[in-house]
1. Exactly one condition in (1) over 30 Å from K103 (Cα atoms); (2) at pLDDT 95 or above is false for A143; which is it?
2. Are there any pairs with C-beta distances below 8 angstrom linking a residue in the range 123-144 that is more than 15 Å from L113 (Cβ to Cβ) to a residue that is outside any helix (DSSP H, G or I) and open to solvent by 40 Å² or more (accessible area, probe 1.4 Å), with the two at least 6 apart or on different chains, and if so which?
3. Out of the residues in the range 126-135 meeting the condition of being touching a helix residue (DSSP H, G or I) at 6+ places or on another chain (Cβ under 8 Å) and at pLDDT 90 or above, tell me which one is nearest to A158 (Cα to Cα).
4. Look at the range 93-150 and say how many of its residues are over 25 Å from A194 (Cα atoms), of a type outside the set (D, E, K, R) and not in a loop (DSSP other than H, G, I, E, B).
5. Within the range 115-122, does at least one residue satisfy the condition of being in contact with a helix residue (DSSP H, G or I) (Cβ under 7 Å, 6 or more places away or on another chain), touching a residue at least 60 places away in the same chain (Cβ under 8 Å) and of a type in the set (S, T, Y)?
6. Considering only the range 174-200, state which residues are among the hydroxyl-bearing types (S, T, Y) and either assigned to a helix (DSSP H, G or I) or under 10 Å from A155 (Cβ atoms) (or both).
7. Tell me the residue from G172, G184 that is in contact (Cβ under 8 Å) with a residue 60 or more places away in the chain and either surrounded by fewer than 20 Cβ atoms within 10 Å (Cβ to Cβ) or of a type in the set (D, E) (or both), please.
Amino acid sequence: MSLDAPQVPQFSKQDAKAQAAAAKAYAKAQRNWFGRHKILTGIGALFVVGAIGGGISGAGGSHVKPTASTAPATGDAGSTSQSVQAAPATSAVTTPSMTTGEKNALGSAKQYLSISAFSRKGLIQQLSSAAGDGYSVADATFAADNSGANWDTEAAQAAKQYLSISSFSYNGLVQQLSSSAGDGYTLAQAQYGAHSAGLS
């Protein structure tokens, strides 16, 4: 009984080139749509950036239309004529100018608050965490502070949400709402929320 050495298949240069071409075609076919359509992706990206830029520059300006008031005036002959007087200049309500990061974080904050209840601390964490939106802490803090949220109302909403899915005592709900591992409301906000939900 003799053991023959295993036979190694022999490939020619043509076979190697064919295999390389097949591997390249396979890799190309496995790319996602954006990788296969680079030109269309680039055009689409430019279109989106242009639309966003146009929306920002169009919405960011303060457009104050001059108004004119008309008042009847009587002349010496008793006839009435219209005189146009320019209205006094009104000072527009000034809002602090926002950076792009602040503006985007504020938009995200308002979206979050429209979906669920958040404490100020919880909203800042959601906006700034790497697992969340990844905004800077400064932008996230700006967004929370300028979101228009009433944190007592948010605590009351969170308390009602908790009670709709589980049972809590007053102290247990206050602990859940105010815990740093929980929602992060202040103690006063958590107590307000628990009272608003009908616990005492």
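The values are calculated or read from the model by the stated rules, or taken from the named source; none is laboratory data. Note that this is a predicted model, so its numbers are computed, not measured. Don't worry about glycine lacking a Cβ; one is built from the backbone with ideal geometry, like all the others, and counts go over all protein chains shown. Calculation scope for accessible area: heavy atoms of the full protein, side chains included, ligands and nucleic acids excluded. Shrake-Rupley method; radii C 1.70, N 1.55, O 1.52, S 1.80 Å.
1. With (1) over 30 Å from K103 (Cα atoms); (2) at pLDDT 95 or above applied to A143, the lone miss is (1).
2. Short answer, once both residue conditions are applied: S128/G134; S128/Y135; S128/S136; D139/T99.
3. Q126
4. So the count comes out to 15.
5. Checking the range 115-122: at least one residue is in contact with a helix residue (DSSP H, G or I) (Cβ under 7 Å, 6 or more places away or on another chain), touching a residue at least 60 places away in the same chain (Cβ under 8 Å) and of a type in the set (S, T, Y).
6. Listed by number, the residues that qualify are S178, Y185, T186, Y192, S196.
7. Numbers: G172 fails: in contact (Cβ under 8 Å) with a residue 60 or more places away in the chain.
Criteria check complete, one pass: G184.
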